[in-house]
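Worksheet: one structure, shown below.
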Amino acid sequence: MIVMKFGGTSVEDSAAIERAADIVFARLEQRPVVVVSAMAGVTDSLLAMSQAAASGSLPQAMELLRRVRQRHLEVLSALIRGADEASVRERIHALAAALQDVLRGVATLGELSPRTTDTILSTGELLSSGIVSAAFQSRGIPSVLVDSRHCIVTDATHTRAVPLFDETSNRLRCDVETLLQANQVPVMGGFIAATAEGVVTTLGRGGSDFSAAIIGAALNAKRIEIWTDVEGMMTTDPRLCPQARRIEMIGFDEASELAYFGAKVLHPATLIPAVEKNIPVHVLNSRKPKSKGTCIRSGAPRSRTVFRAIAAKKGMQVINVKSPRMLMAQGFLRALFDVFAQHDCAADLVSTSEVSVSVALDSSRNGGALLHDLKRLGEVEVEAGKAIICLVGKHIRGRVGVAAKVFQTIADGGINVHMISQGASEINISFVVEESDVLEAVQRLHRCFFEAECVGEPREAGAGLQVPSLASHLGARPEVG
Ligand code: ADP
Ligand code: ASP
Ligand code: MG
């Protein structure tokens, strides 16, 4: 069997859903399970209406809800007619009515919990999967709508729940494998799941990719296909740099680093189940179904360029903790990271000196409680509006001059670097810049490492001059990472 996941733009309107149907139809013999996202922009609208309701603007929330319902009804009637249309229409009205009740409750209480947020956001995938399944049926695909809330079991970490693989595998084998054996095509909403007790959860923004990989691993898929709006995984985000090129093949390790450091084309956790079962993941363009896309797999050949790709992650902050007590103090770092762990905050980059530690992490994870606890360890300073830029490639292992070239390119653009880390995996170089410098930095780096003649390979370590220390570029602390 194979898993085929269609992202938001690949089911955004009736034309997109028709294209998806053609793509699935052509692969019926491979026994596909289809996973769909909410239509493009719908999850954002659901989030906006939940926030409007919580802040007392119920009429605004209702207007957003009306538009979402109307959009789905229009797409439905462009795709299907007759009795089949009537039953899906009813489903759309029922989901919209349930959502309206929840939004009223949120407005009355003036409170929006992560649990309620998940219930609201799940509506997007429930709506799209119902329409897609019915549209497939009307085009001769023997599809069956499967409720992901019954099959994907997670813990109760609302808005970024963690799947419980054993229970999920059991349920998928029971509910979905049986359909495949009967030559049917299960259609499921991505992103959404539930706890063992049946409370709705979601897997984090962009989580439909992760759903596809969980299903693929549980059912031992031959291949997981991620159908999206770009040619495949590219040398950088084509929205930042139109010169970005498709990567033909890339290893799990490199693709994971890129996804983690901001390549939105894949949810960062997508490759974990795929790696475990060694299932290749193909990223494909639903607007050009014949083009080859990118194959992510183990043992991919090395790239001809120094780096495989560049990723950028905005919305970061740097927290600096300064403490003279840190000098020679054993256990300081442990105490510091205990605080981050207690607040469930994962550090993306870390650098230390004798008296200070800098940690880069997602801005949304900056609770007052975290800062309060950090202040017990020393003086705390928060720098907001930062971004991480990450260059990934296996060639940098043991090579001389790569980092020098990266930071010279950045310096030539007059861009200031706040933190540097050469990843512990030795396949990435990451650093922090101002968010406003991301475009310039990525374009310069792409030009240097993927477009200009300087894409040639750097020397092996020991074959000449050594790379200047990264710290000398910062005039600051040595890095760990
Ligand atoms: P979907 O709705 O199909 O899940 P997403 O918007 O989540 O699509 O992801 C696709 C987008 O990811 C692309 O439109 C592109 O702008 C962005 N992207 C970021 N980095 C990369 C990259 N390295 N390669 C391809 N796309 C990337
Ligand atoms: N609809 C969800 C989101 O927009 C999940 C996804 O698209 O993968 O985040
Ligand atoms: Mg996505």
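The values are calculated or read from the model by the stated rules, or taken from the named source; none is laboratory data. Just so we're clear, the structure is a prediction, and the values are computed from it rather than from any experiment. No Cβ is skipped: glycine too gets one built from the backbone with ideal geometry, and neighbour counts run over all protein chains shown. Calculation scope for accessible area: heavy atoms of the full protein, side chains included, ligands and nucleic acids excluded. Shrake-Rupley method; radii C 1.70, N 1.55, O 1.52, S 1.80 Å.
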Among the residues of segment 240-247, is there at least one that is within 16 Å of ligand 3 (Cβ to nearest atom), open to solvent by less than 30 Å² (accessible area, probe 1.4 Å) and not polar (S, T, N, Q)? no
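Return yes when Arg246 is basic (Lys, Arg) and away from ligand 2 (no atom under 16 Å from the Cβ) and no when it is not.
Yes; evaluated as a whole, the condition is true for this residue.
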Quick test for you: out of Ser10, Ser87, Ser45, Ser37, pick the one residue that is more than 15 Å from ligand 2 (Cβ to nearest atom) and of a type in the set (Gly, Ala, Ser). Ser87
Out of segment 1-52, which residues are small (Gly, Ala, Ser), open to solvent by 10 Å² or more (accessible area, probe 1.4 Å) and within 14 Å of ligand 1 (Cβ to nearest atom)? Gly8, Ser37, Ala40, Gly41
Take segment 308-351 and flag every residue that is modelled with pLDDT of 85 or more, farther than 25 Å from Leu439 by Cβ and polar (S, T, N, Q). Asn320, Gln342
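Condition check ((1) within 16 Å of ligand 3 (Cβ to nearest atom); (2) modelled with pLDDT of 95 or more; (3) closer than 27 Å to Thr159 by Cβ; (4) among the polar types (S, T, N, Q)) across all residues:
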| residue | (1), (2), (3), (4) |
| --- | --- |
| Met4 | yes, yes, yes, no |
| Glu18 | no, yes, no, no |
| Ile23 | no, yes, no, no |
| Pro32 | no, yes, no, no |
| Met39 | yes, yes, yes, no |
| Ser57 | no, yes, yes, yes |
Going through segment 357-369 one residue at a time, which ones are assigned to a strand (DSSP E or B) and open to solvent by 10 Å² or more (accessible area, probe 1.4 Å)? Asp362
Breaking point among (1) more than 16 Å from ligand 2 (Cβ to nearest atom); (2) open to solvent by less than 70 Å² (accessible area, probe 1.4 Å), for Thr228: (1)
Report whether or not Lys264 is open to solvent by 30 Å² or more (accessible area, probe 1.4 Å), within 11 Å of ligand 1 (Cβ to nearest atom) and closer than 28 Å to Thr159 by Cα. yes
Find the residue count for segment 414-440, including only residues that are open to solvent by 60 Å² or more (accessible area, probe 1.4 Å), closer than 11 Å to Leu391 by Cα and of a type in the set (Ser, Thr, Tyr). 0
So which of Thr270, Thr201 is within 15 Å of the chain's Cα centre (by Cα), hydroxyl-bearing (Ser, Thr, Tyr) and within 16 Å of ligand 2 (Cβ to nearest atom)? Thr270
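Looking at Gln466, Gln443, can you tell me which residue is polar (S, T, N, Q), open to solvent by 10 Å² or more (accessible area, probe 1.4 Å), modelled with pLDDT of 90 or more and out of contact with any helix residue (DSSP H, G or I) (no Cβ under 9 Å at 6 or more places or on another chain)?
Among Gln466, Gln443, only Gln443 is polar (S, T, N, Q), open to solvent by 10 Å² or more (accessible area, probe 1.4 Å), modelled with pLDDT of 90 or more and out of contact with any helix residue (DSSP H, G or I) (no Cβ under 9 Å at 6 or more places or on another chain).
Residues checked against (1) farther than 29 Å from Gly140 by Cβ; (2) within 15 Å of ligand 1 (Cβ to nearest atom); (3) surrounded by fewer than 19 Cβ atoms within 10 Å (Cβ to Cβ):
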| residue | (1), (2), (3) |
| --- | --- |
| Leu179 | no, no, yes |
| Ala194 | yes, no, no |
| Glu197 | yes, no, yes |
| Asp209 | no, yes, no |
| Ala213 | no, yes, no |
| Arg223 | no, no, no |
| Met234 | yes, yes, no |
| Gly251 | yes, yes, no |
| Glu254 | yes, yes, no |
Take the residues of segment 274-331 that are at positive phi and assigned to a loop (DSSP other than H, G, I, E, B): which is most open to solvent (accessible area, probe 1.4 Å)? Met328
